[in-house]
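Worksheet for the structure shown next.
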Amino acid sequence: MTPAPKKTLLLGLLMLLQCTAPVLAKDGKTGYTGDVKTTVKDVGCTRSEDSTMDNLYPKTCIAGPPDGGLRCWWTHVPAAVKSDASLKVPLVIDMHGGGLCAHHEALASGFKQVSDSLGGNTFIVAWPQGYDYQWGTCGSDCDKAKTANAGKNAGKAIASQDDLTFLTNLVAYMVKNQAAANPAKGRVDPERVYSTGFSMGCMMSHRLAMERSNIVAAFGCHGGQLIGHYNLTEQKKQYGIQPTAAYMTGGTEDHWFNSFDSMDAWATFAGGCASEMTNTTVELPRVFVEKTGSYKPTNATLRVRSSCGSSTPAVEVARLEIAGAGHVMDNRMANLTWQFLKKYKRAGALAAPPASPNATAAAASPSNKSAAAATNQTAARGLLLLAVVVLAAAVVY
């Protein structure tokens with residue numbers, strides 16, 4: 001072989017190696033918009049690992065769906081709870097949006113900051129990690145849910161892993177497990193478990209409250225809707241849905257929120273709601289967003305169906321619409337949501353979860369599909385690099 005062809009082949013291999021390098025977004029991370037995942041995932045986030053999560057939050061892992069591998073969450077126990085052994089406080093399960101990681105929710109939802117501001121009248125927060133960055137929002141009835149959702153959200157597939165089991169076992173562990181490794185050991189009031197989240201995490205919050213109303217006392221979430229509600233009377237009977245208070249928030253420009261279907265569904269599930277909806281104007285705090293160089297919208301309307309169910313306090317189904325807001329997280333919602341949720345309890349909830357699962361060492365976790373793909377790409381690039389080195393040596397020789 002003459003030198004010229006060798007150089008041409010070497011150049012070709014180097015170009016191929018360049019093409020296999022990951023393409024990074026400008027911030028080196030995900031380039032995420034709403035629930036849309038770009039080709040670049042956030043660094044270090046798998047089903048059991050989140051390298052960006054603050055080390056102050058202890059991680060707990062249990063075996064879970066879809067394959068018996070590790071499913072994990074991170075817990076924040078406010079200082080007021082740690083310093084008073086007599087306190088039993090509510091638990092808020094705060095779920096991230098699709099394509100994101102648990103640390104995004106911990107950083108941006110606002111629930112951690114609210115919990116730290118309340119003294120002894122506070123709550124514990126858990127941030128679970130979805131499987132492959134998603135939540136199984138169709139619950140235990142995916143075939144019907146997917147049929148009911150067909151055509152409503154074009155291009156948006158519904159994940160079907162059994163996150164109901166994972167989240168139910170999360171509650172069972174935090175409420176019942178007496179091991180020293182449980183950061184919430186003996187501190188959770190089982191009758192005051194609430195779910196929240198953003199976007200797909202909000203959709204999962206809806207689903208958890210619908211199919212596990214014997215565990216979830218109330219829920220409130222941002223930028224998401226109930227997936228797969230079709231025959232409300234049938235579903236109420238199928239899942240044994242108890243009257244459940246709901247506080248749904250979102251922007252008027254958010255297509256994941258702009259339907260009244262979810263509000264109507266929860267009012268039907270609760271039963272007995274006042275036929276008239278009350279509408280109240282709400283002025284939100286004025287917050288400047290440096291990234292956009294503008295202020296968050298401040299005008300909102302709170303719509304409420306009251307006097308639902310027969311419990312005390314009476315269940316309310318509420319919807320807060322932020323004028324002009326799109327599909328973005330909004331930490332102003334955390335305190336509003338908490339003030340709504342905190343008055344509700346679920347009697348008898350301690351008996352509802354199964355026996356506590358055992359925690360499992362995170363090091364044994366299989367990575368999710370995205371992490372596996374990244375590993376395969378790295379291995380392929382390594383082989384290419386080896387080939388280039390060998391060929392380079394041949395050229396020099």
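The values are calculated or read from the model by the stated rules, or taken from the named source; none is laboratory data. This structure is a prediction, so every number in the text was calculated from the model and none was measured. Quick note on the areas: whole protein, heavy atoms, side chains included, nothing else; ligands and nucleic acids left out. Shrake-Rupley method; radii C 1.70, N 1.55, O 1.52, S 1.80 Å.
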Next item on the list: Using a 1.4 Å probe and ignoring any ligands, DNA or RNA, find the accessible area of F111 and quote it in Å² to the nearest 10.
Entry: 10 Å²
Margin query: Restricting everything to alpha-carbon atoms, can you work out Rg to Rh for the stretch 279-338 with a Kirkwood hydrodynamic radius?
Written below: 1.08
Check: Rounded to the nearest 10 Å², what accessible area does Y295 show when all protein chains are kept and the probe is 1.4 Å?
Finding: 110 Å²
Margin query: Please state the shape class of the stretch 215-326: rounded when a/c is under 1.5, otherwise prolate if a/b exceeds b/c and oblate if not, all from the C-alpha gyration tensor.
Written below: prolate
Note to self: Quick check on the stretch 121-213: what does the Kirkwood estimate of hydrodynamic radius come out to from the alpha carbon pairs, in Å?
What the structure shows: 14.5 Å
Next item on the list: Could you check how many percent of all C-alpha pairs in the stretch 70-167 are farther apart than 23 Å?
Entry: 40 percent
Next item on the list: For Y133, enumerate residues with amide H under 5 Å from its amide H, sequence gap 5+ or separate chain, H modeled in the peptide plane.
Entry: none
